Amino acid sequence: MSALVVYDSNYGNTERIAEAIATALSEAGHDARVEGLHGGQRPQIPSDVRLLVCGAPTNAFRASAAMNGYLRGLPPNILAGINIAAFDTRMDLSKAPWFLRIMANLFGFAAEKIARRLARLGGKPLGQPAGFVVTDMEGPLADGEIARAQAWARTLVAANS
């Protein structure tokens, strides 16, 4: 299976998660490529891709502007026949003020919104969207999040079998 991991990253944390996911997919025997949304180029979805994984940091309870723009720019039904998965990076709200926790419960995080958009474009969801924790707004990633991202990627492989 050929996989493409498309990500946006503000401080490098989401990029590290995207690379960990691609590494786990490659270790499982899949051709996995990683492409960022920086530099003004829009990653194309090659015809051999059977798994598209998209991820972005959660900004104001939604995906980054670059990821939202990328998803809006994809034509309808482009993902028909393609498995999809979504992830985000987010702050640990267990230590946040109460009103932020309430807002997160009301509005959710980026991964769920990315997954819904990918499904509307015809993609077939593999597993649940995943969120990976950063310790502060600019990071770093919380301990164990790289390993958790690789484990999540292995669940995508298993779900595709």
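The values are calculated or read from the model by the stated rules, or taken from the named source; none is laboratory data. Everything quoted here is computed from the prediction, not taken from an experiment. Cβ: placed from backbone, ideal geometry, glycine included. Neighbour counts: every protein chain shown.
Points to keep in mind about this one:
- The one condition from (1) exposed (fewer than 13 other Cβ atoms within 10 Å of the Cβ); (2) in contact (Cβ under 8 Å) with a residue 12 or more places away in the chain that residue 127 does not meet is (1).
- Residue 45 passes every criterion in (1) out of contact with any Phe, Trp or Tyr (no Cβ under 9 Å at 6 or more places or on another chain); (2) modelled with pLDDT of 95 or more; (3) within 15 Å of residue 123 (Cβ to Cβ) apart from (2).
Conditions tested, residue by residue: (1) surrounded by 15 or more Cβ atoms within 10 Å (Cβ to Cβ); (2) in a loop (DSSP other than H, G, I, E, B); (3) of a type in the set (S, T, N, Q); (4) more than 12 Å from the chain's Cα centre (by Cα).
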site	(1), (2), (3), (4)
3	yes, no, no, yes
6	yes, no, no, no
23	yes, no, yes, yes
29	no, yes, no, yes
43	yes, yes, no, yes
46	no, yes, no, yes
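- Test: residue in the stretch 73-88 that is out of contact with any strand residue (DSSP E or B) (no Cβ under 6 Å at 6 or more places or on another chain), at pLDDT 95 or above and crowded, with 21+ Cβ neighbours inside 10 Å: yes
- Output for the stretch 59-73, where each listed residue is under 16 Å from the mean Cα position of the chain (by Cα) and over 23 Å from residue 132 (Cβ atoms): 72
- Matching option when the condition is in contact with a Phe, Trp or Tyr (Cβ under 6 Å, 6 or more places away or on another chain), of a type in the set (A, V, I, L, M, F, W, C) and buried (at least 17 other Cβ atoms within 10 Å of the Cβ), among 37, 51: 37
- Boolean, residue 101 is surrounded by 15 or more Cβ atoms within 10 Å (Cβ to Cβ), modelled with pLDDT under 95 and either more than 16 Å from residue 53 (Cα to Cα) or among the β-branched types (Val, Ile, Thr) (or both): no
- In the stretch 3-24, the residues that are farther than 11 Å from residue 53 by Cα and in contact (Cβ under 8 Å) with a residue 40 or more places away in the chain: 8, 9, 10, 11, 12, 13, 14, 16, 17, 20, 23, 24
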